[in-house]
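What follows is a short report on a single structure.
The values are calculated or read from the model by the stated rules, or taken from the named source; none is laboratory data. Keep in mind the model is a prediction, meaning the values are calculated, not measured. We place every Cβ from the backbone using ideal geometry, glycine too, and count neighbours over all the protein chains shown.
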Amino acid sequence: MTNFWNKKVAEDKQRKYIKDIAKLWLGEETVSKQAKTLSNDEIRKVLDYVATRKHSERNRAMIYTIFNTGMRVSEVANLRFKDVVDGEGAVRREIRLSAEDTKTKEARIVFVNDKLHKELTRYVKLYKPLNTNVKFFYSQKRASDGYSPNTLAQFFHYLFNRAGIAGASSHSGRRSFITNLANKGVGVRVIMGLSGHRALSSVQCYIDCNDDMKRKAINLLN
């Protein structure tokens, strides 16, 4: 029985290897399907949907956060109020992520642009917890210390689905962030610093080559 099982495992591994090689030769992805990159119109569609639902200010702030910082959903879920808001009650321009809260286990700074700063300021005017060590994005569930990475990923999945954006997930914000920076001519090294990637190849996998990028590339020849 043991020999039979070992043989079956070996055959399964061989079949998987052959499939991966075939995909490579055919130019198909060997990794799971990437999350959809959203256009400005699609992001606006999501925001319009959010405006009709409960907790709209919180949800709007979360959407702006993932699309304007490129943070991973786990990093957003782990944000504490004191990480984002200083002792004077103002939203910070730089959010420091500790090593324990990042996937790469390396601390980094997340920069807050004017658009995001405005949205987060709107949010903290409504949400002012006495304990600043609580999660920055509250959960409506009782006795809950905000979202976990898993529940926040589920939240975005259902949000995009209900807003009519097929193929989008919590990773769409990060992928859109990186693609938009590349589209504006920002160097890959700078993008790596902002996204927290350690490998150049990892960043390149995130960049969605769209028609607008192709037009700009062709126009460089003029």
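Values for this structure:
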item: The one condition in (1) in contact with a Ser or Thr (Cβ under 7 Å, 6 or more places away or on another chain); (2) at positive phi; (3) without any contact (Cβ under 8 Å) to a residue 60 or more places away in the chain that Ala107 fails to fulfil; result: (2)
item: Unique match (being within 14 Å of Ile66 (Cα to Cα) and without any contact (Cβ under 8 Å) to a residue 12 or more places away in the chain) among Asn180, Asn150, Asn161; result: Asn180
item: Residue, nearest to Lys54 (Cα to Cα), within the range 107-142, restricted to residues that are surrounded by fewer than 16 Cβ atoms within 10 Å (Cβ to Cβ) and touching a Leu at 6+ places or on another chain (Cβ under 9 Å); result: Phe111
item: Residue selected from the range 34-88 under the condition of a type in the set (Gly, Ala, Ser) and touching a residue at least 40 places away in the same chain (Cβ under 8 Å), by the criterion nearest to Lys128 (Cα to Cα); result: Ala61
item: Filter pass, Gly196 being surrounded by 13 or more Cβ atoms within 10 Å (Cβ to Cβ), of a type in the set (Gly, Ala, Ser) and modelled with pLDDT of 65 or more; result: yes
item: Unique residue being more than 19 Å from Thr102 (Cβ to Cβ) and assigned to a loop (DSSP other than H, G, I, E, B) when the list is Ala182, Ala168; result: Ala168
item: Residue satisfying all of: in the range 62-79; within 14 Å of Asn113 (Cβ to Cβ) and of a type outside the set (Val, Ile, Thr); modelled with the lowest pLDDT among these; result: Gly70
item: Qualifying residue in the range 136-154 (condition: modelled with pLDDT under 90 and of a type in the set (A, V, I, L, M, F, W, C)); result: yes
